[in-house]
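The values are calculated or read from the model by the stated rules, or taken from the named source; none is laboratory data. None of these values were measured; they are calculated from a predicted model. Heads up, the Cβs are rebuilt from the backbone with ideal geometry, glycines too, and the neighbour counts pull from every protein chain shown.
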Amino acid sequence: MRRAFSCIYLVCSTIVLSTVAIVVSLFDKGGAGAHYIGRFWASLHLKVSGVKVVIKGLEHLANPPYVFMCNHQSALDIYTLLACLPLSFKWIAKRQLFKIPFIGWAMTRTGYISIDREKPREALKAMEEAARKIRAGMNIIIFPEGTRSFDGNLLPFKKGGFTLALRAMVPIVPIGIYGTSQLQPKGSFISKKKGVIYINIGEPIILEGLDRSAKTKVMDDVRERIEELMACREN
């Protein structure tokens, strides 16, 4: 019964609140109002699903803008980050997601960043525009694995997010999430059971003084920090 209600709620709330976000975006150039609606949508979904979130490390978020980089285990990662991070931010996502009715339309209207991996020239232009917006004060979230992990272990990182971070030259904040894949495995539309999700936010990794040749080292540093943050969920 709970899962059926969660499914019905998710579909209905997505349609209604995405429509509201689209309307709000017509009058809200900065996107703060639409982001608030997104947080409300995600928070309600977690509550209906019986999911509790334990978050640590918020004290590290004192001087935005940031490029947040997080491991990716489940669709619940999106709801959890949207509901619990106290800063307004945009997502970088593959172009296909922007074609989904309602939620994709809302993503387009509210300024989320679309990357077409099959068209490198367009992807590069999108990266340049994103870097400009980040330098102007916009926070973004990237899943450097590029897709969800089936077993919870980190997949190889894609280089695109690190290219963007080094273009923008703002700190990278590593985030480790644990528990989402157990509650809603990859391929599931809604969470299968109640439970707890842990979010650990690490100290910002400063990029100032580095150039693009440091990309591999930065990738290794971020990967190491995310693995540590995933492992210390109960401490």
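Given the criterion out of contact with any Lys or Arg (no Cβ under 6 Å at 6 or more places or on another chain), free of Cβ contacts under 8 Å to residues at least 40 places away in the same chain and farther than 30 Å from L10 by Cβ, identify the matching residue among K159, K125.
Being out of contact with any Lys or Arg (no Cβ under 6 Å at 6 or more places or on another chain), free of Cβ contacts under 8 Å to residues at least 40 places away in the same chain and farther than 30 Å from L10 by Cβ holds for just one of K159, K125, which is K125.
For region 58-82, give me the residue count where each residue is surrounded by fewer than 21 Cβ atoms within 10 Å (Cβ to Cβ) and closer than 20 Å to S43 by Cα.
Counting residues in region 58-82 that are surrounded by fewer than 21 Cβ atoms within 10 Å (Cβ to Cβ) and closer than 20 Å to S43 by Cα gives 4.
Within the set of pairs 6+ apart or on separate chains, which have a first residue in region 212-235 that is surrounded by 11 or more Cβ atoms within 10 Å (Cβ to Cβ), a second that is of a type in the set (D, E, K, R) and at pLDDT 85 or above, and C-beta atoms under 7 Å apart?
Pairs that qualify, where the first residue is surrounded by 11 or more Cβ atoms within 10 Å (Cβ to Cβ) and the partner is of a type in the set (D, E, K, R) and at pLDDT 85 or above, are K215/K159.
For region 69-76, check the following and say yes or no: at least one residue is hydroxyl-bearing (S, T, Y), within 28 Å of A168 (Cα to Cα) and in contact (Cβ under 8 Å) with a residue 60 or more places away in the chain.
Yes, that holds for at least one residue.
Tell me, which residue of region 200-211 that is charged (D, E, K, R) and closer than 20 Å to N63 by Cα is surrounded by the most Cβ atoms within 10 Å (Cβ to Cβ)?
Only one residue fits best here, namely E203.
Every residue, every condition in (1) among the aromatic types (F, W, Y); (2) within 26 Å of G179 (Cα to Cα); (3) part of a helix (DSSP H, G or I), yes or no:
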site: T80; (1), (2), (3): no, yes, yes
site: W91; (1), (2), (3): yes, yes, no
site: F98; (1), (2), (3): yes, no, yes
site: T108; (1), (2), (3): no, no, yes
site: S114; (1), (2), (3): no, no, no
site: A123; (1), (2), (3): no, no, yes
site: A130; (1), (2), (3): no, no, yes
site: K133; (1), (2), (3): no, no, yes
site: G137; (1), (2), (3): no, no, no
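Among the residues of region 20-57, count how many are in a loop (DSSP other than H, G, I, E, B) and surrounded by 16 or more Cβ atoms within 10 Å (Cβ to Cβ).
Total satisfying the criteria: 4.
Please go through region 199-229 and pick out each residue that is touching a helix residue (DSSP H, G or I) at 6+ places or on another chain (Cβ under 8 Å) and among the small types (G, A, S).
Passing the criteria: G202, A214.
Say whether the condition of being over 9 Å from the mean Cα position of the chain (by Cα), modelled with pLDDT of 95 or more, at positive phi and assigned to a loop (DSSP other than H, G, I, E, B) is met by at least one residue in region 69-76.
no
Yes or no: region 112-132 includes at least one residue that is within 18 Å of the chain's Cα centre (by Cα), over 19 Å from M219 (Cα atoms), surrounded by 17 or more Cβ atoms within 10 Å (Cβ to Cβ) and of a type in the set (V, I, T).
yes
K90 fails exactly one of the following numbered conditions: (1) under 22 Å from Y36 (Cα atoms); (2) surrounded by fewer than 16 Cβ atoms within 10 Å (Cβ to Cβ). What is the number of that condition?
(2)
Of the residues K56, K90, K47, which single one is among the basic types (K, R), within 30 Å of E203 (Cα to Cα) and out of contact with any strand residue (DSSP E or B) (no Cβ under 9 Å at 6 or more places or on another chain)?
Every option except K47 fails the conditions.
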